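Trainee: Right, I'll just put the structure down here and ask away after.
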Ligand SMILES: NC(=O)c1ccc[n+]([C@@H]2O[C@H](COP(=O)([O-])OP(=O)(O)OC[C@H]3O[C@@H](n4cnc5c(N)ncnc54)[C@H](OP(=O)(O)O)[C@@H]3O)[C@@H](O)[C@H]2O)c1
């Protein structure tokens, strides 16, 4: 049993915290909106009033927060995690924030506090079932020490030194936005041709876009984009991807275009819906009605 703190109980953080509680760990939780901790407290977690309180005495602190800025505030701000974490404890950063934010955070942590990046591939269902892919950046020794804990959540893979897990996460996520936007444009084209949506979905489900089509078909057909992965988070990722690439002298024109489409969808009010709502935005934006 490990003494753990989990900070950030959004769509992804909640099932992660629940699995850690159910695996028998001693878990303290903190979330900005405290009510989101209620189901975890019912499962047996302790509720902390501040990140500092959550971190006090924890061997491992897990963060699942929205953006690099939010992570900075929760770790280094007033009553932040850094104030509560003791020597020998480890911060396991599971949000999608990119390698540059991870590298920037490491030297600002108190002496003796270790940082490991461990962002995940998979969404709410995979987090609930414990089948996430966990990309770990850190030393081989840190990876082996954390492996049993991370196996509660899915399949951990040691990618390389600090920041490389976050880099792998941006790499894999750089494919998600373009795939969803491609599906949206295919459907907009089919609309323009007047094709039957059911037939189009059947055909696309057997195409190179099969996984994306099958995964989102229910939402597309119902028009109800209940979030597993929010569109504002997908937009945040596309900004992280294009900025990280630009800093390294790499231009990604498709990623830039997708970033702008996601930004426009967010401005239209789709930010708190599933990121597949970009399809509704593209189909709407493509009509002359
Ligand atoms: N959902 C997925 O499928 C998925 C998959 C892989 C990676 N991720 C990544 O995991 C991270 C969390 O995603 P999510 O889907 O769980 O997002 P979410 O549901 O929007 O949750 C975001 C979390 O950040 C907290 N937060 C936001 N602004 C804050 C602030 N100013 N101060 C303190 N806390 C704040 C939220 O607190 P409140 O509850 O108070 O708003 C919540 O705990 C993101 O980096 C995302 O890209 C998500």
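The values are calculated or read from the model by the stated rules, or taken from the named source; none is laboratory data. Because the structure is predicted, anything quoted here is derived from the model rather than measured. For neighbour counting, all protein chains shown are included, and Cβ atoms are generated from backbone atoms with ideal geometry for every residue, glycine included.
Trainee: State whether one or more residues within region 124-134 are closer than 22 Å to residue 32 by Cα, surrounded by fewer than 22 Cβ atoms within 10 Å (Cβ to Cβ), touching a residue at least 60 places away in the same chain (Cβ under 8 Å) and under 18 Å from the mean Cα position of the chain (by Cα).
Mentor: Yes: region 124-134 contains one or more residues that are closer than 22 Å to residue 32 by Cα, surrounded by fewer than 22 Cβ atoms within 10 Å (Cβ to Cβ), touching a residue at least 60 places away in the same chain (Cβ under 8 Å) and under 18 Å from the mean Cα position of the chain (by Cα).
Trainee: Same structure again: May I ask you to list the residues in region 221-231 that are closer than 20 Å to residue 261 by Cβ and free of Cβ contacts under 8 Å to residues at least 60 places away in the same chain?
Mentor: If the condition is that a residue be closer than 20 Å to residue 261 by Cβ and free of Cβ contacts under 8 Å to residues at least 60 places away in the same chain, then 223, 225, 231 are the ones that fit.
Trainee: Among (1) more than 27 Å from residue 203 (Cβ to Cβ); (2) surrounded by 18 or more Cβ atoms within 10 Å (Cβ to Cβ); (3) within 17 Å of the chain's Cα centre (by Cα), where does residue 157 come up short?
Mentor: Status for residue 157: all satisfied but (2).
Trainee: To continue, here is another question. Which one is farthest from the ligand (Cβ to nearest atom), of the residues in region 20-47 that are assigned to a strand (DSSP E or B) and surrounded by 17 or more Cβ atoms within 10 Å (Cβ to Cβ)?
Mentor: 26
Trainee: Here is a further query. Hey, among the residues in region 119-139 that are touching a strand residue (DSSP E or B) at 6+ places or on another chain (Cβ under 8 Å) and away from the ligand (no atom under 11 Å from the Cβ), which one's farthest from residue 160 (Cα to Cα)?
Mentor: 130
Trainee: Continuing with the same structure: In the list 272, 260, 251, which residue meets the criterion of being over 17 Å from residue 119 (Cβ atoms) and in contact (Cβ under 8 Å) with a residue 40 or more places away in the chain?
Mentor: Step by step, each of 272, 260, 251 is checked, and only 272 is over 17 Å from residue 119 (Cβ atoms) and in contact (Cβ under 8 Å) with a residue 40 or more places away in the chain.
Trainee: Residues of region 80-89 being in a loop (DSSP other than H, G, I, E, B) and either more than 12 Å from the ligand (Cβ to nearest atom) or more than 28 Å from residue 230 (Cα to Cα) (or both), which ones?
Mentor: 85, 86, 87, 88, 89 - these are the residues of region 80-89 that are in a loop (DSSP other than H, G, I, E, B) and either more than 12 Å from the ligand (Cβ to nearest atom) or more than 28 Å from residue 230 (Cα to Cα) (or both).
Trainee: Does region 48-69 contain any residue that is in contact (Cβ under 8 Å) with a residue 60 or more places away in the chain, within 10 Å of the ligand (Cβ to nearest atom), touching a helix residue (DSSP H, G or I) at 6+ places or on another chain (Cβ under 9 Å) and not in a helix (DSSP H, G or I)?
Mentor: Yes, that holds for at least one residue.
Trainee: Here is a follow-up. I'd like to verify a number: residues in region 146-186 that are in a loop (DSSP other than H, G, I, E, B) and farther than 13 Å from residue 119 by Cβ, how many?
Mentor: Count: 4.
Trainee: If you don't mind, another one. Can you tell me which residues in region 235-258 are within 20 Å of residue 168 (Cβ to Cβ) and within 16 Å of the ligand (Cβ to nearest atom)?
Mentor: 236, 237, 238, 239, 240, 241, 242, 243, 244, 255, 258
Trainee: Next question, about the same structure. So which residues in region 245-289 are in a loop (DSSP other than H, G, I, E, B) and either modelled with pLDDT of 95 or more or in contact with a strand residue (DSSP E or B) (Cβ under 7 Å, 6 or more places away or on another chain) (or both), if there are any at all?
Mentor: The answer is 248, 249, 250, 251, 252, 271, 272, 273.
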